[in-house]
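Read through the structure below, which is laid out as structure tokens, and then see the notes.
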Amino acid sequence: MKKIIATAAFVAMSAISANAADKVLHVYNWSDYIAEDTIKKFEAKTGIKVTYDVYDSNEVLEAKMLAGSSGYDVVVPTSDFLQRQIAAGVYAKLDKSKLPNLKNMDPDLMKAAANYDKGNEHAVIYMWGTTGIGYNTKMVAKRLGDKAPTDSWALVFDPANAAKLKDCGITFLDAPTEMIPAAMKYLGLDPRSTKKEDLEKGAAVIEKVRPFIRYFHSSQYISDLANGDVCVSVGWSGDVFQARDRASEAKKGIEIGYSIPKQGALQWFDMMAIPADSKHKDEAHAFINFIMDPQITADITNYVWYANANKASMPMVEQEIKDDKGIFPTPEVKAKLWGSKVYNKRTDRVITRLWTKIKTGK
Ligand code: N2P
């Protein structure tokens with residue numbers, strides 16, 4: 001009798017472990033983009049075991065998605081890249097019956113995202129932000145005076161300024177579709193123009209300041225700004241605020257500012273989507289729905305300093321963040337932001353070529 005019970009228990013146990021082993025999820029998200037406890041909470045709630053990998057470039061994600069069989073179940077492309085990848089058949093349609101928390105999302109922002117994904121069929125907004133300038137207030141003032149143009153793209157794109165900041169360290173994002181349009185805007189051109197001549201003019205601005213740029217990288221600058229190892233970074237809003245936060249906690253007198261330049265800046269949406277070849281689509285839906293829980297999204301915003309698009313989370317978002325104009329810009333500033341442009345293959349090749357030339361000099 002004992003033996004039978006033991007066998008039955010063994011069979012039951014292996015059934016559980018086989019089941020648990022089935023419940024896995026592979027998430028590929030931007031670096032420095034989630035709260036410390038988000039994944040732990042999801043695992044505890046659902047029993048799904050998560051593998052969480054990170055990237056800091058849409059191009060890197062896109063290469064993996066177009067190659068296929070990435071093994072990922074949830075990824076987070078920016079809206080313009082998302083649209084191109086949807087057209088390439090990379091993503092599955094969402095099963096909205098499995099996403100009851102969609103009701104929490106801000107209808108206006110989801111409508112804006114629908115410009116890149118008709119009917120919001122494939123993706124849900126994760127976080128959004130701007131691409132502006134992070135700077136060390138004291139180091140910049142020391143080199144350019146109290147009237148340093150920290151409110152302008154001229155801070156980094158005018159060679160006279162860049163030359164003076166070279167020694168303390170300027171860094172640019174390794175994100176050609178964000179950097180070149182910003183330089184175009186500095187020249188007074190339409191940042192969303194796809195004319196080859198306009199893109200070339202933008203690239204020429206960056207080439208001129210190239211000798212004064214310490215590096216092109218899209219995540220290293222967080223700790224470098226925080227530690228005073230660099231003084232100006234063209235960067236993403238929340239990442240600069242993370243640097244500001246770390247600097248103030250270190251209490252070494254380093255102050256970091258973030259500016260949305262007066263000429264305007266890119267506003268982007270990062271979108272959660274499920275690759276068509278994902279083997280864990282139920283788990284992927286469970287994850288996306290979990291992120292849309294108001295408290296979970298508020299926790300992420302409170303930790304990474306990025307705005308979210310979850311209306312129901314707002315009461316739980318810290319007042320300091322809600323009041324920060326760099327995170328939630330005023331209507332006047334908002335009017336100057338531009339949305340990500342979706343580039344076709346031809347334009348994309350032009351941009352890639354210009355970027356390679358900028359970075360390698362070839
Ligand atoms: C997080 C960067 C996300 C912003 N580190 C890029 N869209």
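The values are calculated or read from the model by the stated rules, or taken from the named source; none is laboratory data. Treat the numbers as computed from the prediction; the structure is a model and nothing was measured. Cβ: placed from backbone, ideal geometry, glycine included. Neighbour counts: every protein chain shown.
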Being buried (at least 22 other Cβ atoms within 10 Å of the Cβ) and over 30 Å from D229 (Cα atoms) is the filter; apply it to the range 118-134 and report the residue that is nearest to the ligand (Cβ to nearest atom). Y126
Please find, within the range 226-247, the residue that is surrounded by the fewest Cβ atoms within 10 Å (Cβ to Cβ) out of those that are in a helix (DSSP H, G or I) and polar (S, T, N, Q). N227
It is to be established whether one or more residues within the range 329-340 are in a helix (DSSP H, G or I), within 16 Å of the ligand (Cβ to nearest atom) and under 25 Å from V74 (Cα atoms). no
Being surrounded by fewer than 17 Cβ atoms within 10 Å (Cβ to Cβ) and within 17 Å of P211 (Cα to Cα) narrows A141, A163 down to just A163
Can you give me the number of residues within the range 28-56 that are touching a strand residue (DSSP E or B) at 6+ places or on another chain (Cβ under 9 Å), in a loop (DSSP other than H, G, I, E, B) and under 17 Å from Y306 (Cβ atoms)? 5
Filter result for the condition that a residue is basic (K, R) and either in the same structural domain as S69 (by TED's automatic domain parsing) or assigned to a helix (DSSP H, G or I) (or both), over K279, K262: K279
Please go through the range 199-218 and give me each residue that is within 16 Å of the ligand (Cβ to nearest atom) and either basic (K, R) or crowded, with 19+ Cβ neighbours inside 10 Å (or both), ordered by number. F216, S218
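From the list A286, A307, A312, which one is under 18 Å from the mean Cα position of the chain (by Cα) and of a type outside the set (V, I, T)?
A307
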Inspect the range 86-109 for any residue being under 18 Å from F287 (Cα atoms), within 16 Å of the ligand (Cβ to nearest atom), outside any helix (DSSP H, G or I) and of a type outside the set (V, I, T) and give the result as yes or no. no
